[in-house]
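The values are calculated or read from the model by the stated rules, or taken from the named source; none is laboratory data. Bear in mind the structure is a predicted one, so any value in this text is a computation, not a measurement. Neighbour counts are summed over all protein chains in view; Cβ atoms, including those assigned to glycine, are modelled from backbone coordinates with ideal geometry.
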Amino acid sequence: MNKIAKLLIALSLFFTSCKSNKEAIVLRTYETKKEIILKYNREHNLIYGIKIPIGVNIQNNSIKKRVIDLIDYEYRDYRKGIMSKLYLKDGFIRQKRHAKIKLDPYKEKEYIVYTFHRLDSISSIQEQFSSYTKKLLNSNQDTLTIGVVSEFRSKHLELFNKITSNDSISVSIITGYSKVKKMNVGVFGKSETIEKEYRDIHTERIRIPVGWQITE
């Protein structure tokens, strides 16, 4: 291999490694085979929450390892839902909220996020769940699986769109750490403090609208 060819390869690798996080990380969402789960309040005989699963694919298209601090489902309005839960797709293993996911060069990882959307108690919403409410009322359960997303959308498309419209998925990529700092913290149950070291994490967030293509 001549010197010019080696130089071109070196330059190519250099510029590839200099990709920004937004250029390097490709984020995609899709419908998963996991089922939607309804949450039921027996005292008031109503469905108060719906947990919707969504597949998340994260690709690192650079020669540099990336570390992801957080994968998050973002509701259009914070009143629409509460904290989502993250699972590794392979084995459906629950992950910590700040999992510190290491993504090697040109590799990808698959996750499943379960949302928790709140449902209004007004009759126009609850009437659409009446058949499920009857099942739960006659059982001793407070949850019910009702099929995959495409099945629910075919029956309740307008409601589904209303629930999920303008929601998004985001990942926070670690870009660095601050210098170690020291602070005094109280000791639980004791009238004393200890010195503890910590450092702030700097991140860059990448966000995309939620999509429901069937690709799994």
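Name the residues in the stretch 60-79 that are in contact with a helix residue (DSSP H, G or I) (Cβ under 9 Å, 6 or more places away or on another chain) and within 18 Å of Glu110 (Cα to Cα), would you?
Across the stretch 60-79, the qualifying residues are Asn60, Asn61, Ser62, Arg66.
Restricting the search to the stretch 111-168, which residues are among the basic types (Lys, Arg) and touching a helix residue (DSSP H, G or I) at 6+ places or on another chain (Cβ under 6 Å)?
Hit for the stretch 111-168 is Arg153, nothing else.
Among the residues of the stretch 105-136, write down those that are among the hydrophobic types (A, V, I, L, M, F, W, C) and either at positive phi or surrounded by 11 or more Cβ atoms within 10 Å (Cβ to Cβ) (or both).
Ile112, Val113, Phe116, Leu119, Ile125, Phe129, Leu136
Results for (1) at pLDDT below 90; (2) more than 24 Å from the chain's Cα centre (by Cα); (3) under 22 Å from Arg79 (Cα atoms), shown as yes or no for each residue.
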site	(1), (2), (3)
Asn140	yes, yes, no
Phe152	no, no, no
Lys155	no, yes, no
Asn161	no, no, yes
Thr164	no, no, yes
Ile174	yes, no, no
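When the residues of the stretch 45-89 are narrowed to those that are among the polar types (S, T, N, Q) and not in a strand (DSSP E or B), which ends up surrounded by the fewest Cβ atoms within 10 Å (Cβ to Cβ)?
The selected residue is Asn45.
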